[in-house]
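One structure is given here, and the rest of the page talks about it.
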Amino acid sequence: MGAGHGHRLHYHGHSVVHRAPAHLKILVLLAFVISVVATPREWYPAFGGYLLLVLGVILASRVPIGYVLKRTVIEVPFLVFAAMMPFVARGPEVDFLGIGLSESGLLAAWGLAAKGTLGVLASLTLAATTEPTDVVRGLQRLRLPDLIVQIMTFMVRYLDVVAADLGRMLTAMRSRGADPRSPRHWPALARTLGALFVRSYERGERVHLAMLARGYDGRLPQ
């Protein structure tokens, strides 16, 4: 699990949030997300309060706001989907710059964007203040099924390995004159991703055989 230290989402620090037990932070995150999801979309002040709470935790953790905001790019596909809802939803419409927008679609888009953004910010705050290995240990303390913990353990361990493989393969594509971002070269990109999947699957087989050779019996050592 040594590769987990210094993960790209983690921000090294010694704040009170960093030092808090991982299993408690996971429970707080879960309670926060459930509260946000259960809040009616029309309770606008409540979402403002949630946002202030998240920002307060980020400030207490001494993690730069920009560090967290840059990583919210993962939410972009959901925001794009939310932005489409006022145009495709049915029902009464309101006029905006000469464009008819569905009232129910606007409300649904607001709810999706607000709740999704709060959940992403809270999750990124947990990731920025907790080492991946500590997250796994926290899940063990919360009595998560052992098999799921093992899967997450190896996901954390090998995520950067697979990402590095992909980076080298994309570099090889570019050195041969192929641009992965160009639709003209997407067939080559698809073959590259297929090769990456096969390579990762074979690596998993080798790791599993190595574990069996070292006495693996279904449980990982503490």
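Is region 65-153 rounded, prolate or oblate when judged by the Cα gyration tensor, a ≥ b ≥ c being the square roots of its eigenvalues, rounded requiring a/c under 1.5 and prolate requiring a/b larger than b/c? Intermediate values should be presented prior to the final figure.
Details: a/c = 4.15, a/b = 2.48, b/c = 1.67.
Here region 65-153 falls in the prolate category.
With a cut-off of 8 Å between alpha carbons and a minimum separation of six or more residues, what is the relative contact order of region 17-135 in percent? Could the numbers behind the result be given before it?
On the way: 106 pairs, mean separation 43.5, N = 119.
In percent, rounded to a whole number, it is 37.
Given R₀ = 35 Å, what would the calculated FRET efficiency be for Leu142 paired with Leu59, taking r from the Cβ atoms and rounding to 0.05?
Details: r = 27 Å, r/R0 = 0.77.
The formula returns an efficiency of 0.85 here.
Find the accessible area per residue for region 145-214; the probe is 1.4 Å, ligands and nucleic acids are left out, and the unit is Å².
Details: 4930 Å² over 70 residues.
The answer is 70 Å² per residue.
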Could you pull the Cα extents of the chain along its three principal axes, largest to smallest, in whole Å?
67, 50, 31
Apply the Karplus parameterisation 6.51 cos²θ - 1.76 cosθ + 1.60, with θ equal to phi minus 60°, to every residue of region 179-192 and state each ³J(HN,Hα) to the nearest whole Hz, in sequence, with x for glycine and proline.
9, x, 8, 8, x, 5, 10, 4, x, 5, 5, 4, 5, 5
Express the carbon and sulfur contribution to the solvent-accessible surface of the chain as a percent, rounded to the nearest whole number, probe 1.4 angstrom.
68 percent
So how far apart, in nm, are the two label points at Ala172 and Val73 if each is 7 Å from Cα heading toward Cβ?
2.5 nm
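Of the listed peptides 37-44, 51-58, 126-133, what is their order by residue-averaged count of other C-beta atoms within 10 Å, with the highest listed first?
On the way: 37-44: 11.5, 51-58: 15.6, 126-133: 21.6.
Ranking the peptides 37-44, 51-58, 126-133 by packing returns 126-133, 51-58, 37-44.
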Among Leu30, Leu139, Leu124: highest mean-square fluctuation, GNM of the chain, C-alpha pairs under 10 Å
Leu30
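Per-residue ellipticity at 222 nm for the chain, helices alone: DSSP H runs ≥ 4 residues times -39500 (n - 2.57), over residue total, nearest 500 deg cm²/dmol? Write down the numbers at each step before the final one.
Details: 9 runs with 153 residues, N = 222.
The helix-only estimate for the chain comes to -23000 deg cm²/dmol at 222 nm.
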Principal-axis tilt of helix 146-175 within the chain, Cα atoms, nearest 10 degrees:
90 degrees
From the phi of every residue in region 50-60, what ³J(HN,Hα) in whole Hz does the Karplus formula 6.51 cos²θ - 1.76 cosθ + 1.60 yield, where θ is phi - 60° and glycine or proline is x?
4, 5, 4, 5, 5, 4, x, 5, 4, 5, 5
Stretched out fully, how many nm does the piece from Arg206 to Asp179 gain, at 0.36 nm a residue minus the Cα gap?
6.5 nm
Under the 7 Å Cα-to-Cβ spin-label approximation, Val37 and Phe81 lie apart by a distance in nanometres of 1.4 nm
Which residues' amide hydrogens lie under 5 Å from the amide hydrogen of Glu93, considering only partners 5 or more residues apart or on another chain, with H built in the peptide plane?
Glu103
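In debye to the nearest 20, how big a dipole does the chain give about its Cα centre with +1 on each Lys and Arg Cβ and -1 on each Asp and Glu Cβ? Let's see the in-between values first.
On the way: 24 positive and 14 negative charges, 165 e Å.
Charge dipole, the chain, about its Cα centre: 800 debye, nearest 20.
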Using Cα pairs under 8 angstrom and six or more residues apart, how large is the relative contact order of the chain, in percent?
27 percent
For region 163-205, count the residues as N, evaluate 2.2 N^0.38 Å, and divide the Cα radius of gyration by that value, please.
1.18
Rounded if a/c is under 1.5, else prolate if a/b is larger than b/c, else oblate: which is region 17-135, with a ≥ b ≥ c the root eigenvalues of its Cα gyration tensor?
prolate
Karplus-derived HN-Hα couplings along region 117-124 (A = 6.51, B = -1.76, C = 1.60, θ = phi - 60°), whole Hz, x at Gly and Pro:
5, 4, x, 5, 4, 5, 5, 5
With unit charges on the beta carbons (Lys and Arg positive, Asp and Glu negative) and the dipole taken about the Cα centre of the chain, which residue among Trp110, Ala31, Tyr44 sits farthest to the positive side?
Ala31
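The values are calculated or read from the model by the stated rules, or taken from the named source; none is laboratory data. These numbers come from a predicted model, not from an experiment. Here the Cβ is made from the backbone with ideal geometry for all residues, glycine too, and neighbour counts use every protein chain on show. SASA here: full protein model, heavy atoms, side chains in, ligands and nucleic acids out. Shrake-Rupley method; radii C 1.70, N 1.55, O 1.52, S 1.80 Å.
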